[in-house]
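Following: one structure in structure tokens, then a few remarks.
The values are calculated or read from the model by the stated rules, or taken from the named source; none is laboratory data. All figures in this text were calculated on a predicted structure; none of them were measured in a lab. Virtual Cβ from ideal backbone geometry, glycine too; neighbours counted across all protein chains shown. These accessible areas exclude ligands, DNA and RNA; they are computed on the full protein's heavy atoms, side chains included. Shrake-Rupley method; radii C 1.70, N 1.55, O 1.52, S 1.80 Å.
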Amino acid sequence: MQQTSPGTVPAAARRGFGIYIHWPFCLKKCPYCDFNSHVREDVSQSRWRAALLQELDHYAELLKQRGGEGRIVSSVFFGGGTPSLMAPETVAALIDRIRQLWPTRNDLEITLEANPTSVEAGKFAAFSQAGINRVSLGIQSLNDDDLKFLGREHSASEALAAIDIARKNFERFSFDLIYARPEQDRKAWKRELERALGEGTGHLSLYQLTIEENTVFHAARRRGELKELDQDKAAELYELTNEIMAEKGLPGYEVSNYARPGEESRHNLTYWRYGDYIGIGPGAHGRLTLNPNDSSSGSGSRTEKLATRQHRAPEIWLETVEQAAHATRNFDIVSDRERFEEMIMMGLRLKEGISLAEIRLETGQDLEQLIPASRLTALCDEDLLVKNDDVISATAAGRIRLDTLLSYLLG
């Protein structure tokens, strides 16, 4: 499709327009995972392919009806679950349909999350032929004992082999590591991180281990069987991580993400910059800036932002799509105040911060109308925030304490 001038679309869409496709199935549920992922013995690729294609068609029609024409897709992300369990034919069909329904950027980023087991890595060439140009590998550790602790199905040697296959098949690749594991010290983490950097990737996602509710680890902690790393030691590891990554030319551009300049995840930047995105598949969320349904809404020339959410249960989602052509459970209008809060919660994760002009475009108000000046001054005086005429951003110290900072700022 022919590209359209970005001046014809809402400001949110100009921050990026992404499409997220959720594949909810895994071979095994990891003990730290609270994502919408499920283990199933048998999955009908043909039924799921048809349903996901139907949802793409549904959202294309919705955008057409509600003034969303002219959107240029900047990124596609296959997440999960374990989307590398999808048939490459399914991936190819979805990418082809997206290109039929929307104009796309010349540098369209198409990412697939994958696990580094030999079965999945063996499909990388087929995924590349299907149109995937970036893969994100769930390595999590390069230590066999810690991989067992984390419930992973691969070994460190399999992880390194998968990285090598990814390097040969995709334009870009990234991988995840989880640190601040129980009893982990600076020396061990530095050694593991430098080993990871030796693989030559332009992007790493480095997450501190967190214990989420309704996970195996959460139950183990309640029973006293799992002791987390001391918070002060975890903070030291975070600071060490930032130092090493900056020295190696992959500075942190977000709380847990590091990249060489130009290698940032464009899809995730759409989230953090509060751009628009479609979410399809079980439990997927979306944010879409659209024209009001009618003039009685009181919005005048202002746009509406819709928060969408899909049915979470895979089987209910599939049956609903087959009956109704989509399975969106919620279409909620996001108020101006909620837009601002979401924008702040996402944007302060980024080192670049948030444009004050974009806040004004999104909410119709200036920052000083939305947050008491005394709170901004207090956080700036504590060297947790920086504000100038153009941008508000969290300092390195502020990003370490981001939850506390946000609670005070928006409380």
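Could you tell me which residue of region 24-42 is least open to solvent (accessible area, probe 1.4 Å), considering only residues that are free of Cβ contacts under 8 Å to residues at least 40 places away in the same chain and part of a loop (DSSP other than H, G, I, E, B)? Step by step, filter region 24-42, then rank; the result is D42. Checked against (1) surrounded by fewer than 20 Cβ atoms within 10 Å (Cβ to Cβ); (2) among the polar types (S, T, N, Q); (3) within 29 Å of L160 (Cβ to Cβ), T82 passes all but a single condition, namely (1). W317 passes every criterion in (1) farther than 18 Å from D176 by Cα; (2) assigned to a loop (DSSP other than H, G, I, E, B); (3) hydrophobic (A, V, I, L, M, F, W, C); (4) modelled with pLDDT of 95 or more apart from (2). For region 88-97, the candidate set comprises residues that are within 19 Å of R172 (Cβ to Cβ) and in contact (Cβ under 8 Å) with a residue 40 or more places away in the chain; within that set, the residue that is most open to solvent (accessible area, probe 1.4 Å) is P88.
Could we say that K248 is modelled with pLDDT of 95 or more and farther than 30 Å from V43 by Cα here? So that I can check it myself, show each step before the final result.
Values: modelled with pLDDT of 95 or more: yes; farther than 30 Å from V43 by Cα: yes.
When the stated conditions are applied, K248 passes them.
Of all residues in region 65-78, none satisfies being surrounded by fewer than 24 Cβ atoms within 10 Å (Cβ to Cβ), at pLDDT below 95, farther than 19 Å from D276 by Cα and in contact with a strand residue (DSSP E or B) (Cβ under 7 Å, 6 or more places away or on another chain). Give the residues of region 316-327 that are free of Cβ contacts under 8 Å to residues at least 40 places away in the same chain and of a type outside the set (D, E), sorted by residue number. Answer for region 316-327, where residues must be free of Cβ contacts under 8 Å to residues at least 40 places away in the same chain and of a type outside the set (D, E): I316, T320, Q323, A324.
Within region 259-275, is even one residue touching a residue at least 24 places away in the same chain (Cβ under 8 Å), in a loop (DSSP other than H, G, I, E, B), more than 24 Å from F173 (Cβ to Cβ) and open to solvent by less than 20 Å² (accessible area, probe 1.4 Å)? Within region 259-275, one or more residues are touching a residue at least 24 places away in the same chain (Cβ under 8 Å), in a loop (DSSP other than H, G, I, E, B), more than 24 Å from F173 (Cβ to Cβ) and open to solvent by less than 20 Å² (accessible area, probe 1.4 Å). Total residues in region 162-184 satisfying the condition of being out of contact with any helix residue (DSSP H, G or I) (no Cβ under 7 Å at 6 or more places or on another chain) and among the hydrophobic types (A, V, I, L, M, F, W, C): the figure is 2.
Counting only residues that are buried (at least 16 other Cβ atoms within 10 Å of the Cβ), give me the helices (runs of 4 or more DSSP H) lying completely in region 346-411 with at least 3 of them. Before the answer, list the steps.
Details: elements: 356-363, 367-370, 373-381, 396-400, 402-410.
Of the helices (runs of 4 or more DSSP H) lying wholly inside region 346-411, those with at least 3 residues that are buried (at least 16 other Cβ atoms within 10 Å of the Cβ) span 356-363, 396-400, 402-410.
Restricting region 146-158 to residues that are out of contact with any Phe, Trp or Tyr (no Cβ under 8 Å at 6 or more places or on another chain) and among the small types (G, A, S) leaves a set whose member that is farthest from L197 (Cα to Cα) is S155.
When H218 is tested against (1) free of Cβ contacts under 8 Å to residues at least 40 places away in the same chain; (2) closer than 14 Å to L250 by Cα; (3) not hydrophobic (A, V, I, L, M, F, W, C), exactly one condition is not met: (2).
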